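Computed from the coordinates by the stated procedures, all read-outs in this text should not be read as laboratory data. Since this is a predicted model, take the numbers as computed values, not measurements. Cβ atoms come from the backbone with ideal geometry, glycine included; neighbour counts cover every protein chain shown.
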Amino acid sequence: MEKEGKMVTIYVMGKKHRVPAGLTIMKAMEYAGYQLRRGVGCRGGFCGACATLYRVKGSYKLQAALACQKVVEDGMYIVQIPFTPAEKKLYDIEKIRPTPNVFVEHFPEITRCLSCNTCTKACPQDLMVMDYVQAALRGDIEKVVELSFDCIACGLCAIRCPAEIVPYQVAQLARRLYSKYILGLSEEVEKRVAEVEEGKFDEELEQLKRLPPEELRKRYESREIRV
Amino acid sequence: MEEYPGYPEEMWDSLRMVEETRDERIGKTYPRMSEEERERILREWHPDYKEGAKRPLRIGPNKGMMLPHEVADILEAHPLITPDMIDLSEIDYDVDVLIIGAGGAGLSAALIASEHIDKEGILLVQKLRLGDSNSKMSQGGIQAALGPDDSPVLHFLDIMGGGHFANNPELVEILVKEAPDVIRWHQSLGVLYDRNPDGSIKLSPGGGTCRRRMLSCKDYTGLEITRVLLDEFLNREIPYLEFTCAVELLTDDSGQVVGSVLYDLDSDEYLIARAKSTILATGGYGRLHIQGFETTNHYGATGDGIVLAYHVGAELRDLDATQYHPTGAAWPEQIVGQLCTEKLRGRGAQPVNRLGELFVNPLEPRDVEAAAIIRECYGRELGVTTPTGMRGVWLDTPLIDIINGEGTIEREFAAMYRTFKRFDIDIRKEPILVFPTLHYQNGGVVINARCETTVPGLYAAGEVSGGVHGKNRLMGNSQLELYVFGRRAGRFAAERAKRVTVGRPTLRHVERYERWLREAGIETDRRAPILLPEYRGKKTLEHHIRLL
């Protein structure tokens, strides 16, 4: 890219820095001399540690992004939001059930949703956050699961929500309930666990462990590949 | 409109050739190599075999072991603290089980330990945030022999062969036998595995597997599993500390490990945690950038665990073998080194060279696949060079939708699709440029079936441990290892805590380590564990692979 040569100006919490164009916000901050402790994680868009808010000079828009995925723009004012104050609702997954009211019971604040769509606009994964909050209100658990699966819980929706909802917690509950109670345990898993417990594979495994290395290698090379 | 808006113009000719050859490649596959061919290509092209990249370790129980310089450097370094810096008379936390690391292994250990002892006797410490780990970044899947034509026996064979028969067979046996039960545990906690339309679990092939054995959660497998375990961990209110690093273990007069010196990353204070059992679940060393390679790894993957273990005299193994994932992103520049999941190849994407030609079977074991890509770029000069001098080959992703039906990529590879879309590359229509990237620490701290290291009181589980994968890990077995051995570590560490007493904590092993360094004539200002990688200033712009 244009990283050699072209430079842009960014403001990290107001402080001005010249950094090479083409860097992500995270790398630009490191280039500017920050050793990151908070606001940094997997650096690959999977963990949600580097939630960031920014405005670009000349625009009124407050925008949201992941610092490890978003490339710096000239005139960007940046602040990281490495932590979202949000109480974790406690529940015993063995005791609760996927009833239509389960979300409203655990997260009554979802009834305050204004349908303003600010959460959706803030989502760096481009998820339809408002739609899944509305689905939770209706008790449509499958829809919540479908729309929220790619959530990395970065917290940006919760920070921006004027109704003070924490959408990703609602989604987490929905996915666990859906898997455990609606899909349930898989038969083939139960069957294989039982076979292992009965010792069905013990003798053959014992034999393999005792084979001299050359014999084991032969068994490996001659195994049939069926994929 | 530009033909390929996400790629520089000099790549367009090659992109066109990939497009033009696509139809005739459908259904074709490059033959798998024989064992002899595999051994030859590894010797000639795999970075592990490169001359001058390693040196013998000069101190400790594994003296003489060949290690990459970057790993030898953190072991031949002064401990971060000296005994006079630390006041051991005041114990801040006195617990039964101390767990260091909150990825898949650490969280599993905590959950299971809480079923054996009072949760108030557990303390989990994490260098960054809870759940921050490589575990969370795993995309492609987790192996468990579930198919009707599959069995733990075949799983065992695949692992041993993939690991070049250097694995500890006892650990492999445990891994394959407990795999189905791990899936059962996950489902009972509410992990959402991909299903077929008939409701059965979806199984895909992986490199080096003889059956379809890969379970997945779209291409967010690690994220889905980790977030469920974390949610459960928080529900159970197990005590924890975030942004707190283990900087040195503690030992008592009998030589057993009795906890750890902790360092609070926010307040820069040292804290003392005494424990009857201590579990290392600290992950691997990708951020050491072995031989200058880019890495797929989490920011915190700085190899702290092997350093802490070696300081107390625990034995290590197989650390001469480093895993380079065959397909890291080589373009765009912003995401160079990031993982492009092996599941892409499992679902039909073919690696092709600059001319659009097949050159390797897409599902060779990882080390072989990586070596073949390096040879294509640097031996046969048939790779594509980026404006910053990176080389790579194409991974022809559009084949996935062609073979499996439109919509497959968006449905099964949401993460990959999203990542490249951010940079104007549509992986449904255009191939991606890839090159091997530093991915995994194959070896680690020696453990037995109970996850005990060679030093009493110290347990290890997950990537920090060694023996399960031998010299090369297959896809989907690291996720599996986290839960199989994380659970075991939690259980055995808790059981031990019920029967042992611990003495006064000391740092005598630090003095011994300093003596080893002195006696070996090692003069250095390096200190370890390094805790955080150094990327400030110009280092941000560095990436150069010392390949040749």
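Annotations for the structure displayed:
- The protein assembly as shown pair-distance distribution - Cα-Cα, 10 Å bins, rounded %: 3, 14, 25, 28, 21, 9, 1, 0
- Residue B:429 versus residue A:90: modelled label distance in nm, points set 7 Å from Cα along the beta carbon direction: 5.2
- Scaled against the 2.2 N^0.38 Å expected of a compact globular protein of N residues, the Cα radius of gyration of chain B reads 0.95.
- Taking amide H atoms as placed 1.01 Å from N in the peptide plane, the amide H of residue B:506 lies under 5 Å from those of B:251, B:252, each 5 or more residues away in sequence or on another chain.
- Amide H contacts under 5 Å for residue B:324: B:439, restricted to partners 5 or more places along the chain or on a different chain, H placed in the peptide plane at 1.01 Å from N.
- Efficiency of FRET between residue B:511 and residue A:206 - r from beta-carbon atoms, R0 45 angstrom, step 0.05: 0.50
- Under Karplus coefficients 6.51, -1.76 and 1.60, residue-wise ³J(HN,Hα) of region A:202-219 in Hz, glycine/proline x: 4, 5, 5, 5, 4, 4, 4, 5, 8, 5, x, x, 5, 5, 4, 4, 4, 4
- Taking θ as phi - 60° and the Karplus parameters 6.51, -1.76 and 1.60, the scalar couplings of region B:79-93 work out to x, 4, 10, 10, x, 6, 7, 10, 8, 8, 7, 10, 9, 7, 9 Hz in sequence order, x denoting glycine and proline.
- DSSP bridge orientation in chain B - percent antiparallel, rounded to nearest 5: 65
- Where a label projected 7 Å from the Cα of residue B:403 along Cα→Cβ would reach, residues of region B:461-491 with amide N under 18 Å: B:475-476
- Once the C-beta distance of residue B:10 and residue A:18 is scaled by a Förster radius of 22 Å, the resulting FRET efficiency is 0.15 to the nearest 0.05.
- Shown for chain A: cysteine residues without a partner Cβ closer than 4.7 Å, namely A:50, A:68, A:113, A:116, A:123, A:151, A:154, A:161.
- Gap separating the Cα centres of region B:284-361 and region B:199-277, nearest whole Å: 20
- Placing pseudo-labels 7 Å out from each Cα toward the beta carbon at residue A:183 and residue A:73 gives an inter-label distance of 3.8 nm.
- Extension reserve of the residue A:223-residue A:99 stretch, reckoned as 0.36 nm per residue once the Cα distance is removed: 39.8 nm
- Calculation over all alpha carbon pairs of region A:102-183 in 5 angstrom steps from 0 returns a P(r) of 3, 18, 32, 27, 15, 4, 1 percent.
- Distant-in-sequence amide contacts of residue B:240, defined by a placed amide H-H separation under 5 Å and a gap of 5 or more residues or a different chain, comprise B:124.
- Most simply put, the protein assembly as shown has about 70% antiparallel DSSP beta bridges, counting only bridges with both residues inside it.
- Residue by residue, region B:140-151 carries 3J(HN,Hα) couplings of x, x, 9, 8, 7, 6, 10, x, x, 9, 10, 7 Hz when phi is fed to the Karplus relation 6.51 cos²θ - 1.76 cosθ + 1.60 (θ = phi - 60°); x denotes Gly or Pro.
- Spacing of the modelled spin labels on residue B:499 and residue B:266, each 7 Å from Cα toward Cβ, amounts to 4.0 nm.
- When the pairs B:63/B:343; A:27/A:57; A:180/B:177; A:191/B:127; A:191/B:498 are compared against a 28 Å limit on Cα-Cα distance, B:63/B:343; A:191/B:127; A:191/B:498 fall above it.
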